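Below is one structure, written out as structure tokens, with a few remarks after it.
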Amino acid sequence: MITEAPLRRTVLALTLTVFALPAYGLTAEDINKATFAPVQVEAAPVAPPITPAPVAPAAPAPEAAAPPASAEAEAAAKKMPDPRVIKSQVLLDRRRLSPGAIDGYDGDNFRKAITELRRRAKLPDAGDLDAAVWAALDADAATDIMTEYTVTAADAAYPFAPTPKDYAELAQLKMIGYRTAAEMIGERFHMDENLVRELNPTIENWKEGDRLVVAAIDFVMPSLSAGQTSSKSDLRAARILVERGRGAVTAFDAQGEVLAIYPATVGSADTPTPDGVYTVKGVARNPTYSYRPDVNFKQGNNTEKLTLPPGPNGPVGTVWIDLSKPTYGIHGTPEPSSVSKNASHGCVRLTNWDAEHLASMTRPGVKVEFVE
């Protein structure tokens, strides 16, 4: 539970579907032009058979192992972000079917978003990215997936610093800010910071005027918008559903239609997320965090009450949606890539940008239902 101040070898004669990757790193063009069309692999020419001269029988040789280089190359390819997954994740994010952090990998949060897209498009529930999902996203027609962002003077002057783990040390800070430029840009454009670095290898040495490759999303957190994109929402949530078993939060309008769905981290067996129906009491952006070991949980050796300053790397991230059940809320997180992959202290944890989007269409009195 959390107490808060108010308020992602050559084969012959076959046709293969492959995910083409650039030979020397991923580029914006690879992602913008990604297509689901299968690649035709031509059969190698076959030489005429040669009749060998007779030889004496020999003992059979042991079966040769696969060449190590091929295995290493295959493993390396699997670790590369996939342009088609990135493209799909951005298009899902724009539809408010959040894949979590846009990272170019096929994972649980990506599949949760695909499942909801299949439901909307009345497609069979196959779970993964296939031609039907690609078509439902109209992905071949979309060529504006990645865009450029120009580093501002404020960006270049940001005081990046490591974040202490100990709450007593955090309480001494004025702000729990970003640790790296890749982390900050990742949060701003809904991207995993490793993907940010893949696309912008020199980002940590940036200067004003540098141009970065980023995802062309259409919702920027209010505290980070810097005039880039409107962060306001004209949508209004009438009900919020928290599904513990699924690890998801869904916002509905007054007619029961899905406005947005987000992957979520929920409580553990020791600090469970509650059952029942509650209401939203209010929304606090850039909130402080009240640590009370006598009521909630014990962190490290800290036994005294502490007030931690605001910031994106604070325990509740950049926004707190306060619920009518005392000490419980829906909030952001300092670790967006971990959302839906571990347990919280009873509250509901979203990426900072998803929590901000939910907050933008949430008002006091909205019902929040917790189900298994």
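Couple of notes before you dig in:
- Within the range 75-105, the residues that satisfy the criterion of being surrounded by fewer than 19 Cβ atoms within 10 Å (Cβ to Cβ) and either within 18 Å of the chain's Cα centre (by Cα) or at pLDDT 95 or above (or both) are LYS79, MET80, ARG94, ARG95.
- Residues located in the range 148-172, provided they are among the polar types (S, T, N, Q) and crowded, with 17+ Cβ neighbours inside 10 Å: THR163
- Residue, surrounded by the fewest Cβ atoms within 10 Å (Cβ to Cβ), within the range 293-314, restricted to residues that are under 30 Å from the mean Cα position of the chain (by Cα) and over 30 Å from TYR158 (Cβ atoms): LYS298
- One residue from MET191, MET175 being surrounded by 19 or more Cβ atoms within 10 Å (Cβ to Cβ) and of a type in the set (A, V, I, L, M): MET191
- Criterion: within 18 Å of GLU29 (Cα to Cα) and not assigned by TED's automatic domain parsing to the domain that holds GLY247 - qualifying residue of ASP125, ASP138: ASP138
- The range 120-171, residues that are within 25 Å of PHE110 (Cα to Cα), polar (S, T, N, Q) and in a strand (DSSP E or B): THR147
- Of the residues making up the range 197-208, not a single one is at pLDDT below 95 and acidic (Asp, Glu).
The values are calculated or read from the model by the stated rules, or taken from the named source; none is laboratory data. These numbers come from a predicted model, not from an experiment. Counting neighbours? That spans all protein chains shown, and the Cβs are built from the backbone with ideal geometry, glycine included.
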